[in-house]
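The values are calculated or read from the model by the stated rules, or taken from the named source; none is laboratory data. Please read all numbers here as calculations on a predicted model, not as lab measurements. Positions of Cβ are backbone-derived with ideal geometry, glycine not excepted, and every protein chain shown enters the neighbour counts.
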Amino acid sequence: MIRKIITAALLIGLQCVAYSGTSAPNEPRILLIGVDAVPYRVVAKLTAPGLGGRALFQGFKGPSAMISTFPSDTHVAWAGMLEPFGVKKSHGYQPRYFDNRTREVSGGLSLTETPAPWEAFFDWRLRGMITAAIAYGWPKKYSRDELRQGLDTFIQSGKRFFAMYIVSTDAIAHIYGPAALEEFLVDLDASLRALHRDHPEIPFYTVLISDHGVATGQPLRNTWPALREAMQQAGLRVSERLEGNNTVVFVPYGLLSSFVMHTAPGAAARAAKLAVAVPGVDLCVTPDPTGWRVQNSAGSALISKRQGSTEMLWSYRPQDGDPLRYAPVVARLRQRALGHVDGEWFSDASWFAATKDEFYPDGLYRLAGSLEAVENPASAVCSVAPGHMFGWLRTEYIARATVGRLKWTHGALFHDASLGFVLTDLPGWQAPDAARFNEALLPLADIVQRGIALH
């Protein structure tokens, strides 16, 4: 309820800046720039108030930490972030995904593959597999090219609302680490200031947002071979097609710190228990009759959800362990409730406030959502530990041959991989310290969908 009241207040504040339903000369436009894999901590460092005149993005509000989806990966995150605009879910967790209709792995490397709904949302983005490959091969140079091309298209478009997406920053983060993104952010800040200076006839406001963070800074170990071996030793057949109760389907593709498994109905819990026993696998979530079961090698806990009188309520009940390390959180929530606790249930707003700064930020909401985040949901979604990754061996070999052992990636539930950012100079926008992925752009979606003009 508290977060709903805050959101409503934000929307009212933005609506009070006046409206004109049609474009008019000198009417401010809105530019949304989506940057891939730029962590909150990098932007917070470059915009710190203590920097004074040296801080980037002068006049912008924020940054707010944008708590990503789980998995904290591009295909899932952008669909979730753009949900307020009516953007539909992606087919799967990555371009290569398991199709529940055909019961086999599909997509991934097709030259004719239809863009995901979130990709189609952007007015400008790199298109084509070859172009994307070039961007990943020379990301520092191509990030500047992407920025220039996108901003040029924005100026020429005449659109009141223009959205552009920059993918090269993801490659910079993977290959060079988050510190290497500072140069891009300096270029972005300078480019926006130059655009205002050189085109005074085109006033505009900007919203900057990133879909997730990156971790961890040491050579990453690929958990995929050990996972495959563990399943096979337990008598499960690892395949790209689901056939029978003893088959488990993995979908290795990019080098991420999360993975999904598809099993026959009722077999997910066993596969998850086998997975979390593999070194480097942090935790897995599976459906449970009471909600969702999250488990790691030390034990499991049950996550449940129910509708309260005014808002959603959540419960976290350790069974034979505390995989999310939330026991202190529950204790604090009980203390603040001052004896008025409805069993083990606490409001969604209370859970968000209590966990947004934890090692697993907003864990209950994100874990539950991971099993509903795409059109072809998995039977289990798993997060790997810091220092590990999961992905195609051929992708790993290509990476080693070109840039060396990968040290940085994302996808995991823990905070470094999960925290993107929101930063804006839109009038009336109040920047919270943290925002959930599907609420971060709610004020902007309201402006766009209702045609509110900013003067």
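At a glance:
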item: Unique residue being of a type in the set (Phe, Trp, Tyr), closer than 24 Å to SER383 by Cβ and in a loop (DSSP other than H, G, I, E, B) when the list is TYR365, TYR316, TYR360; result: TYR360
item: Flag for ASP416 being in the same structural domain as SER210 (by TED's automatic domain parsing) and modelled with pLDDT of 95 or more; result: yes
item: Test: residue in the range 245-259 that is among the small types (Gly, Ala, Ser), assigned to a loop (DSSP other than H, G, I, E, B) and buried (at least 21 other Cβ atoms within 10 Å of the Cβ); result: yes
item: Only listed residue being in the same structural domain as ALA163 (by TED's automatic domain parsing), touching a Ser or Thr at 6+ places or on another chain (Cβ under 8 Å) and farther than 25 Å from HIS174 by Cβ, chosen from LEU423, LEU442; result: LEU442
item: The range 401-455, subset buried (at least 22 other Cβ atoms within 10 Å of the Cβ) and β-branched (Val, Ile, Thr), residue nearest to LEU324 (Cα to Cα); result: THR409
item: Any hit, the range 369-391, residues being more than 30 Å from GLY266 (Cβ to Cβ) and outside any loop (DSSP other than H, G, I, E, B); result: no
item: Which numbered condition ALA180 misses (of (1) within 22 Å of LEU56 (Cβ to Cβ); (2) part of a loop (DSSP other than H, G, I, E, B)); result: (2)
item: Candidate set from the range 169-188 (those that are of a type in the set (D, E, K, R) and within 23 Å of the chain's Cα centre (by Cα)); member that is surrounded by the most Cβ atoms within 10 Å (Cβ to Cβ); result: ASP170
item: Some residue of the range 335-348 being touching a residue at least 40 places away in the same chain (Cβ under 8 Å), closer than 23 Å to ALA434 by Cα and part of a helix (DSSP H, G or I); result: yes
item: Residues of the range 278-307 satisfying the condition of being small (Gly, Ala, Ser), surrounded by 15 or more Cβ atoms within 10 Å (Cβ to Cβ) and either touching a His at 6+ places or on another chain (Cβ under 8 Å) or more than 20 Å from TRP351 (Cβ to Cβ) (or both); result: GLY280, SER297
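Here is a yes/no grid of residues against (1) surrounded by 23 or more Cβ atoms within 10 Å (Cβ to Cβ); (2) modelled with pLDDT under 95; (3) among the small types (Gly, Ala, Ser):
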{"residue": "MET1", "(1), (2), (3)": "no, yes, no"}
{"residue": "SER23", "(1), (2), (3)": "no, yes, yes"}
{"residue": "GLY62", "(1), (2), (3)": "yes, yes, yes"}
{"residue": "PHE70", "(1), (2), (3)": "yes, no, no"}
{"residue": "VAL76", "(1), (2), (3)": "yes, no, no"}
{"residue": "GLY80", "(1), (2), (3)": "yes, no, yes"}
{"residue": "THR112", "(1), (2), (3)": "no, yes, no"}
